[in-house]
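Okay, so here's the structure we're looking at.
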Amino acid sequence: MAAIIATLGCDGKSGTGGAQGEAEYQIRGVLIEDWNRMATRAEISVSRNDTLFDSGLVWIGDETLSFDSTTDTYRLNVEPSGTFPEGSHRLVLADLPEFMDTVLIDIADTFSVTVSDPPNRLNPGGDVVTLDWTESAGSGAYVMAAVPRHLAYTGAGYSEWVGSSEGTIPISAFRWSNGVALDTGWYYVFAYSYTGAPDSALSDDPLPVPLPGDRTDNIDQTPISGRFGTIVVAGRDSVYVTMQ
């Protein structure tokens with residue numbers, strides 16, 4: 001899996017954090033490039049010594065994140081979705097004048113997803129659906145997802161971690177919450193390519209379907225710890241679920 005590397009002292013002192021004394025910082029966050037909305041969004045929560053840290057500076061590459069007091073996170077929302085091309089980028093956290101440091105983040109390349117079965121995208125009885133997608137260079141692994149199209153980006157839907165470039169969406173994804181009654185109509189189906197450990201809570205709102213859960217924290221080097229990851233959402237495909 002592609003790694004995120006915390007590089008201490010390369011942009012400034014890994015110093016004291018001022019009046020807080022010897023400071024420790026924790027970040028949780030995600031950067032999402034969504035080719036369905038043609039937008040890039042990043043959201044990062046930062047704490048210093050286990051207390052919300054809202055007076056810092058955070059930027060990725062040449063883009064500065066702004067602190068949003070309604071969510072208590074640093075946020076970025078820019079267009080187009082290819083703002084950050086495939087490769088490594090610098091995420092910088094600054095607590096001036098005492099501290100500034102960098103976390104290197106990896107972003108995977110764009111890719112495409114196709115429903116390969118059923119080939120005509122008609123799904124009588126809500127049977128399993130097979131997805132294939134092209135390789136996303138630099139990817140750590142993938143997520144596949146399905147959701148009734150009117151519920152995309154609402155926190156609903158099915159998702160699953162996938163290690164390869166294909167997967168099968170189970171019949172349960174096309175049922176109501178009781179797992180039995182068929183829920184007919186158009187479904188959007190997605191594949192995400194991710195690197196690192198994107199925070200699931202902060203990615204719920206900007207993703208068409210939430211992540212299946214959290215990955216293990218991937219930043220663990222004093223004074224910065226936590227988790228961060230990036231997600232590339234390929235352009236969606238769709239299936240139409242009908243009664244038998």
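Before moving on, here are some points about what is shown:
- Test set (1) at pLDDT 95 or above; (2) not assigned by TED's automatic domain parsing to the domain that holds Ser139 - Gly235 fails condition number: (2)
- Residue in segment 37-45 that is aliphatic (A, V, I, L, M), out of contact with any helix residue (DSSP H, G or I) (no Cβ under 7 Å at 6 or more places or on another chain) and without any contact (Cβ under 8 Å) to a residue 24 or more places away in the chain present: no
- Of all the residues in segment 144-159, those that are within 15 Å of the chain's Cα centre (by Cα) and more than 20 Å from Trp35 (Cβ to Cβ) number 1.
- Single residue of Gln244, Gln221 found to be touching a residue at least 60 places away in the same chain (Cβ under 8 Å), touching a strand residue (DSSP E or B) at 6+ places or on another chain (Cβ under 6 Å), surrounded by fewer than 23 Cβ atoms within 10 Å (Cβ to Cβ) and more than 23 Å from Ile44 (Cα to Cα): Gln244
- Residue among Ser136, Ser81 that alone is of a type in the set (Gly, Ala, Ser), at pLDDT 95 or above, farther than 28 Å from Tyr25 by Cα and touching a strand residue (DSSP E or B) at 6+ places or on another chain (Cβ under 9 Å): Ser136
- Test: Phe190 is farther than 21 Å from Ser112 by Cα, outside any loop (DSSP other than H, G, I, E, B) and either at pLDDT below 95 or touching a Pro at 6+ places or on another chain (Cβ under 9 Å) (or both): no
- For the residues Asp183, Asp132, the requirement of being more than 30 Å from Ala23 (Cα to Cα), charged (D, E, K, R), touching an Asp or Glu at 6+ places or on another chain (Cβ under 9 Å) and assigned by TED's automatic domain parsing to the domain that holds Leu122 singles out Asp132.
- The residues of segment 168-211 that are touching a residue at least 12 places away in the same chain (Cβ under 8 Å) and on the phi > 0 side of the Ramachandran plot, listed by number, are Gly185, Gly196.
- Set side by side, the residues Ser88, Ser112 differ, and just one is without any contact (Cβ under 8 Å) to a residue 40 or more places away in the chain and of a type in the set (Gly, Ala, Ser), which is Ser88.
- Filter result for the condition that a residue is closer than 28 Å to Ala201 by Cβ and buried (at least 22 other Cβ atoms within 10 Å of the Cβ), over Ala146, Ala152: Ala146
The values are calculated or read from the model by the stated rules, or taken from the named source; none is laboratory data. Keep in mind it's a predicted model, so treat the numbers as computed, not measured. Don't worry about glycine lacking a Cβ; one is built from the backbone with ideal geometry, like all the others, and counts go over all protein chains shown.
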